[in-house]
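Where a number appears in this text, it was derived from the coordinates with a stated rule and is not lab data. Because the structure is a prediction, the values reported are computed rather than measured. When we count neighbours, we look across all protein chains shown, and the Cβ atoms used for this are built from the backbone with ideal geometry, even at glycine.
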């Protein structure tokens, strides 16, 4: 089992499927809940629709593409520009999200009918590798701040206890992945989080308010639903963000293909359509826009399990979370240091997936053009981090800005091409 790769069509026994599905839920939960909180949406609704969206994605891709769909961070800035932080304006934002989903579906139809060559020209490996690396590096400050604290400072006893919980979580997750054998080796994230949570309880660093929330939360309850309200302004501000999803999904497909040693590009159009339909359905009920999740790609990379049935199980668990506020409250009570202990691993894997895309595609980094496209987009987006770039009332997340920048630079710098003499000079300087 240690060296085996489980492919999308491989089925796992129910006894293994449930904990592995739960592992994917744990991996996506923090970000999928954080995004709606930042946008002013209801987290329970977002979790509910992430489960529905993932099931739709798997059905539309014909059980060929292993992915989990969670809340997209690329929309946070544009959504806040529309809502102004007021819940009264959320229906307007939902209309803009639905519009982005429609444009995304049009891109999907074009890809399904004409193939992915237009996407390859728009986003060659130097761009898709940069986009995937940007996601991991852009989230790095979040992982490190969770690991310790926002000030990156060890000053109090509480700081020391939190650091201890993070270190134990990290060590357990890494050790399970590297040293253990058998089925438990496929559960490094879940094992690490469970160990870190128990230790956090013993150390008393779990917020008492979270424990009260667990006690007060009902076992069953429908999430609150909201319908869109027609708004041309919201459409113009939010809908163009679909371009970021096109790039993200393309990068994720490339990364999964590389790790699985199976080309998933023939299913790119279906993957776009699955993502678009999921986002549209979510917007119709008050959920967040959705995207394939890099956190779950990290889990696949570390476990080498790419079975889509994992994600069917994860989606069903997410649906139950959406219908069980108490279970959701338990997941939300996981302390930041525990999340930091596993996200340091996951986000590092995501960043290296981008490097692997470059290596597998043989991207020529003797080319000054490729160096500028990849290097500049990585540095600028990582520098912006989660704070992003603000123009007037509009904030553009670092991941979204870096993605658009990489695509734009590739288009601009590729116009006219390099002559043979310039290429020779680049390689001479490189060597």
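If r is the Cβ-Cβ distance from residue 150 to residue 390 and R0 is 22 Å, what FRET efficiency results, to the nearest 0.05? For residue 150 and residue 390, the calculated efficiency is 0.65. Ranked by how many other Cβ atoms sit within 10 Å of their own Cβ, fewest first, the residues 168, 127, 342 fall in the order 168, 127, 342. Taking 7 Å steps out from each Cα toward its Cβ at residue 326 and residue 110 produces label points 5.0 nm apart.
In this rough spin-label picture, where each label sits 7 Å from Cα along the Cβ direction, the residue 233-residue 178 distance is 5.4 nm. Each label was represented as a point 7 Å from its Cα along the Cα-to-Cβ direction; for residue 158 and residue 118 these points are 5.5 nm apart. Once the Cβ-Cβ distance of residue 207 and residue 368 is raised to the sixth power relative to R0 = 56 Å, the FRET efficiency obtained is 0.65. Ordered by the number of other Cβ atoms lying within 10 Å of each residue's own Cβ, fewest first, 137, 161, 109, 94 fall into the sequence 109, 161, 137, 94.
Taking the average, over residues, of other Cβ atoms within 10 Å as the packing measure, peptides 233-240, 220-227 rank 233-240, 220-227 from highest down.
Here is how the number arises for the chain: DSSP H runs of 4 or more residues each give -39500 (n - 2.57), the sum is divided by the residue count, and the result at 222 nm is -23000 deg cm²/dmol.
With neighbours defined as other Cβ atoms within 10 Å of a residue's Cβ, the residues 151, 207 order from fewest to most as 151, 207. Take 139-147, 350-358, 249-257, 110-118 and order them by the average number of nearby Cβ atoms within 10 Å per residue, most first; the result is 249-257, 350-358, 139-147, 110-118.
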